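See below for the structure under consideration.
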Ligand SMILES: Nc1ncnc2c1ncn2[C@@H]1O[C@H](COP(=O)(O)OP(=O)(O)OP(=O)(O)O)[C@@H](O)[C@H]1O
Ligand SMILES: Nc1ncnc2c1ncn2[C@@H]1O[C@H](COP(=O)(O)OP(=O)(O)OP(=O)(O)O)[C@@H](O)[C@H]1O
Ligand SMILES: [Mg+2]
Ligand SMILES: [Mg+2]
């Protein structure tokens, strides 16, 4: 057990160190993609909370990334600091996510998917149609990148560190959340809401919380997305982004803490690796995702989970054998 | 041995890597009611699943009427004359009660010509189902659902009935009635293998008793002998309860 | 003695058919009330109406003198009312221990302190005790979904006690539980009843269990109260024998 | 007023298209509890198969037959064996996601192996218009509506009145128990997907002359049909008709009387109200009792 | 010598797939032809294609990747939004970018490295408005536009022009890309009773709206751009297309021999008739060829300067199809046409000469 733990910690340190050191001599493209991975991971973590842990299907996560991105774009291009935009985005997305949670109290599964899908469409149309605020289809360009402690992040590498640092902070917060009793309550919501309710778990409040927190993380991702691409228009926040994020969560392993990291890796990096196949790359990407799900319908971490539970049942089997041995000597 | 309708030899198997059955062995004499008792988690339900082909066995053999039926599909087992009423809730919630019952005969395909008559007979045995025949099955109470399952299971006139804790959720009157139905079936030559935690009542109507523990047969004997075995009573029949219950 | 639970004239109908048709009774503090009746007579529906899982078509429910009709189950649980269900209701992917911690955690501190406090809400010890009592030790770390029927039933009952309830409504706790274990369960219920002054209402079809455990027994038939009284009285009542017990 | 009637008729015509695609959603849900997000692409593809066969020189009727056969093979048998079998046990989401990926795959394949251009597609229904109550209606629209209604009638009868239908539903609602009582679950699931494949091939045949054969047709169609199925009632095949027609009509009316810019949203917002008011959809059945 | 490396980033999937695929095919066709004749200054051309998925964020990543490989010239993207997000990167790297976007503002921002392959909307819309005013004498017009950056740009530009002529906008109808049902839009047009309808949507939607206009009996003149009167529209809409007219800056139907020859080559290779995006891709390559040959060397840094103010004549470089001049902003100037569909055929009603020569 302790050996496994040290191994885990060691592995964690190696990965973190690699994420910090290796990209130092990446070109701009590589850094951009890695930054995108970090941003998408944050958004997917939010969805993983809502969907993976609390079991509430949402097809609106992309819209929250959009709300965050527009908040950042509008505020920073008017000279306000990004950190302020971050605060506004979190509050805004939290509040809207909370409201969006209300239908979830009445409807579930595909009906909930529909309601959130409708919200996603509505958000897209607002981004596109309300020119006075969002500059409509033309989008907002020349979004500045922030200064962190007086240190400019205009170059790709510093900005990558901004994204990576944000990812680290968000990960810590989410990790704390899901191992707290709240996390257990979210799982209860997913596994058996009726029983949860009878155990005093205020499923209403937890449902709304799951939506609100998940959405707020979408907003955080958005506030990073805007300065990353330095241009925001409605197209990227179409329903397809929500579907992509959903795919990341499921493919990574829904309800696993590290699922979104791997899912975002598959969704962001795999297509890039496959680009050498030219016109076939999206087809191959689709086939890869399908193949993966066929191999492990519970996602990449599902494979690991299978392995772990196999070891656990071996241990349990051993316990039984001991009991049986006792039984044979006592009669 | 020759009068055993079902013979279970040295079953080894479980869930994933976990071994639950450790060489379970017993046989069911033809035309008898045989009751399996044992502590929770002993592997009783698992044995039934193994017999009915729902659990992959690592070792062992199941013989029905002298033929090896290990690992056969459910349809084959049903047509051979075995039926299985599992533990817990096993209905099709969105179909009506009548349609639920009718489905009990699908394994026979078109061979059954008297399906309407059989359904009527089943509804006679469980009158509450008749009054609710057009209702969605999910609206039935817990005990009514169990009755539905039993009625459905018997529709094919099986030769061997595997029935897992039929008494759960049934009122005492319904338990009596169900046991009477089982007795009647036995009197018509049907063999019954039953799991019961309501062990006293079950053993009283049984011919044989089997005690299962940790996936192994601890004892197999005449039902009254099992019932009166003091050690068994202490260990598995809640010895203390007898005094207060009287 | 004060009434912990007062139920007045509860009715519930589904599409015109009354499943519960005007039931009134009360339960005094420290009582163990048995609730029996033929299948489909409305026992579970009555529970669901009392506990806010269903909203009754008419009638009133009071807990400790306070009207709770229309309250949500979680609020009722907050008042110290807990329950079990007739069908298995555990959290299949959580381990046995996690199931128990979950069952107690909402009674520890408030939302914020639960977020910031320890991961187990300080309940590991209590959960382990409960596990020990129900003889589930070797299964403590297994996912609850992999337990046998009887084991899940026990876990389900154990969960109802994690929050230190005042009033517990149990729907067929004995179904599928081994007789030896059942004797233990009965002792445990009695102990909790006496030490913690917890009050029980128990639906059960196992007559030995009901008659030896309960202080009073209520019999329902076709949505109405058929009889109410001491166990021996009820058992001897010809109407009850006719409708429920058989001969 | 006459304007309103025009809009209604046009809305019904479009709605019929959504309805016929939506039937697939409700069918798959009722008989296998799966959601196929590639349903739109499933409708897009058979037309390309038929075009390819025609390109190889076959006459239209032969292309139709081969197209349907290929569709049964690929979208029925292949889909069931490759995707549904491994994932069905794991709940709705993995398969739903896999079908999203499949949608991308089919779309890209159609683009890569055919072209990104829209191609005209011959119609088995004469292309003309007819006049009903003084309104001009395209014959093709009527054909689509008729097929949608027939499909729903046929499937409803199959599912609710025949033993096969009950077996299909049983296999979906509780596969383990279905197996225990002898329902050939595998065969039922296969049948489900074969019926779906047949339906999409027919739908493709009727819709493509109106939409033109284009790789991206599935996106709009699939989404509209998904919404139609939910609004109509996901667990009842007949809900598809109601949902489809309603969406078509509301869409037209809102575009005409509310806002073209928010055209896509107005019906959705209205329909959310329906869903919240009647969570099971217009013609759906409430889900089972929970306690 | 070593091949000259070009990089193309275009909308090969997503909403702009048709645009991007045409553009890509045009590029490939031109390069094949040039290479088969010995290349440019004796060096072969080589191009890498990258898909932007019609998403500006992806476009940015791909352009960054392309620029990291230091290409001679950057080609694409076609969507104005994607151009906007990538143009600063190319400018920063000092590499010329030849793109397909038509939004007016792209070339007004003072970017010295950006070049168009077709008229921007700021130069085509005035011609259409003038025609509507002078020839049709319309006093009120209904505008139907597709709500993306292409449609919105056109609608904004022409609205400005209408204001100048005091033409009233009787109805302003936004439609969706891929929209199938235009009944509501047409009934709104009918209700507004304009003197003419300006239609600015993609080819397929043009065909659908033309059919619906005919079904509902709208008879006023229908005016548009290339996307209303192209051969594709005629093919899809049948006789509903008759009477539609429009300004055509670049069309494979132009009555120019070189263009007809291009079209034949394209159809032979790809089996379909290209739209104007196919032409744009082709022209981009011949712009590179002509400019490089003018410079006499392959000089990435000098390319933009050489192309500014350069007139490429079809006489000297037949690949350019029609004489074209590039101004200091990177805008193109070229002959245009006004055409009308008569019995399923495009008929040129008027030739609009180049502005400056
Ligand atoms: N699906 C499963 N996955 C993993 N383990 C299981 C599963 N089902 C049962 N088990 C384990 O197998 C053992 C035997 O279970 P089984 O259901 O056969 O017991 P049983 O004798 O029928 O008990 P009961 O009287 O409680 O019904 C139990 O310890 C249980 O934990
Ligand atoms: N949702 C529902 N729709 C229609 N009828 C219902 C519904 N729920 C319960 N019923 C009916 O109400 C009656 C009472 O059901 P209930 O579950 O309360 O019975 P019970 O007394 O608990 O029986 P059991 O001992 O079998 O559990 C039954 O006849 C049942 O069919
Ligand atoms: Mg069991
Ligand atoms: Mg009950």
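The values are calculated or read from the model by the stated rules, or taken from the named source; none is laboratory data. Not measured: the values here are computed from a predicted model. So basically every Cβ, Gly included, is an ideal-geometry build from the backbone, and we count neighbours across all protein chains shown.
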query: Is it the case that residue C:220 is closer than 29 Å to residue C:59 by Cα, assigned to a strand (DSSP E or B), touching a helix residue (DSSP H, G or I) at 6+ places or on another chain (Cβ under 9 Å) and more than 13 Å from chain B (Cβ to nearest Cβ)?
result: no
task: Give the residue, chosen from A:233, A:202, A:244, that is out of contact with any strand residue (DSSP E or B) (no Cβ under 7 Å at 6 or more places or on another chain), surrounded by fewer than 24 Cβ atoms within 10 Å (Cβ to Cβ) and closer than 23 Å to residue D:219 by Cβ.
output: A:244
message: Residue under question is residue C:35, and the condition is that it be within 16 Å of ligand 3 (Cβ to nearest atom) and within 14 Å of chain B (Cβ to nearest Cβ); does it hold?
response: no
- request: Need at least 1 residues that are more than 11 Å from chain E (Cβ to nearest Cβ) and modelled with pLDDT of 90 or more per element, so show me which helices (runs of 4 or more DSSP H) inside segment D:212-291 make the cut, counting only ones lying wholly within it.
  value: D:217-232, D:239-257
query: Given D:97, D:106, D:124, D:68, which one is in contact with a helix residue (DSSP H, G or I) (Cβ under 9 Å, 6 or more places away or on another chain) and within 30 Å of residue E:212 (Cα to Cα)?
result: D:124
- line: Exactly one of C:197, C:188 is in a loop (DSSP other than H, G, I, E, B), surrounded by fewer than 22 Cβ atoms within 10 Å (Cβ to Cβ) and away from every other protein chain (no Cβ under 11 Å), and that one is C:197
task: Go through the residues of segment E:127-138 one by one and say whether even a single one is within 14 Å of chain A (Cβ to nearest Cβ) and either part of a helix (DSSP H, G or I) or under 24 Å from residue E:18 (Cα atoms) (or both).
output: no
- prompt: What residue, of C:240, C:219, C:210, C:202, is under 15 Å from residue C:37 (Cα atoms) and more than 19 Å from the chain's Cα centre (by Cα)?
  reply: C:240
message: Criterion first (part of a loop (DSSP other than H, G, I, E, B), away from ligand 3 (no atom under 16 Å from the Cβ) and closer than 27 Å to residue B:60 by Cβ) does residue B:158 satisfy it?
response: yes
query: When you go through E:58, E:73, E:85 one by one, which is the residue that is crowded, with 24+ Cβ neighbours inside 10 Å and under 19 Å from residue E:308 (Cβ atoms)?
result: E:73
message: Considering only segment B:174-197, I want to know if a residue exists there that is surrounded by fewer than 23 Cβ atoms within 10 Å (Cβ to Cβ) and under 17 Å from residue C:174 (Cβ atoms).
response: no
task: Say whether the condition of being touching a strand residue (DSSP E or B) at 6+ places or on another chain (Cβ under 9 Å) and either over 30 Å from residue E:174 (Cα atoms) or not in a loop (DSSP other than H, G, I, E, B) (or both) is met by at least one residue in segment A:113-131.
output: yes
- request: Taking the options B:129, B:115, name whichever one is within 13 Å of another protein chain (Cβ to nearest Cβ) and either within 13 Å of ligand 2 (Cβ to nearest atom) or at positive phi (or both).
  value: B:129
task: Filter the helices (runs of 4 or more DSSP H) completely within segment A:153-222 down to those with at least 1 residues that are under 30 Å from residue C:54 (Cβ atoms).
output: A:181-191, A:193-198
field: Failed item in (1) within 20 Å of the chain's Cα centre (by Cα); (2) in a helix (DSSP H, G or I); (3) at pLDDT 90 or above, with residue A:256 passing the rest
entry: (2)
- line: Taking segment E:276-297 and keeping residues more than 16 Å from residue E:254 (Cα to Cα) and surrounded by 18 or more Cβ atoms within 10 Å (Cβ to Cβ) leaves E:281, E:284, E:285, E:286, E:287, E:288, E:289, E:290, E:291, E:292
field: Matching entry among B:86, B:93, B:166 (being touching a helix residue (DSSP H, G or I) at 6+ places or on another chain (Cβ under 8 Å), within 16 Å of ligand 1 (Cβ to nearest atom) and within 14 Å of chain D (Cβ to nearest Cβ))
entry: B:86
task: Answer yes or no: is there a residue in segment B:138-146 that is buried (at least 20 other Cβ atoms within 10 Å of the Cβ), touching a residue at least 12 places away in the same chain (Cβ under 8 Å), more than 16 Å from ligand 4 (Cβ to nearest atom) and within 9 Å of another protein chain (Cβ to nearest Cβ).
output: no
- prompt: Restricting attention to segment C:93-104, does a residue exist that is buried (at least 24 other Cβ atoms within 10 Å of the Cβ), within 16 Å of ligand 1 (Cβ to nearest atom) and under 30 Å from residue C:146 (Cβ atoms)?
  reply: yes
query: Quick one: in segment B:180-218, which of the residues that are touching a strand residue (DSSP E or B) at 6+ places or on another chain (Cβ under 9 Å) and part of a helix (DSSP H, G or I) is nearest to ligand 1 (Cβ to nearest atom)?
result: B:199
task: Tell me which of these residue D:137 doesn't satisfy, since it passes every other one: (1) touching a residue at least 60 places away in the same chain (Cβ under 8 Å); (2) part of a helix (DSSP H, G or I); (3) within 30 Å of residue E:209 (Cα to Cα).
output: (2)
- prompt: Within segment D:86-118, can you find the residues that are more than 21 Å from the chain's Cα centre (by Cα) and within 9 Å of chain A (Cβ to nearest Cβ)?
  reply: D:86, D:87, D:89, D:90, D:91, D:111, D:112
- request: Could you tell me whether residue D:67 is at pLDDT 95 or above, surrounded by fewer than 23 Cβ atoms within 10 Å (Cβ to Cβ) and within 20 Å of the chain's Cα centre (by Cα)?
  value: no
- prompt: Just wondering, is there one or more residues in segment C:143-162 that are without any contact (Cβ under 8 Å) to a residue 24 or more places away in the chain, away from ligand 3 (no atom under 16 Å from the Cβ) and not in a loop (DSSP other than H, G, I, E, B)?
  reply: no
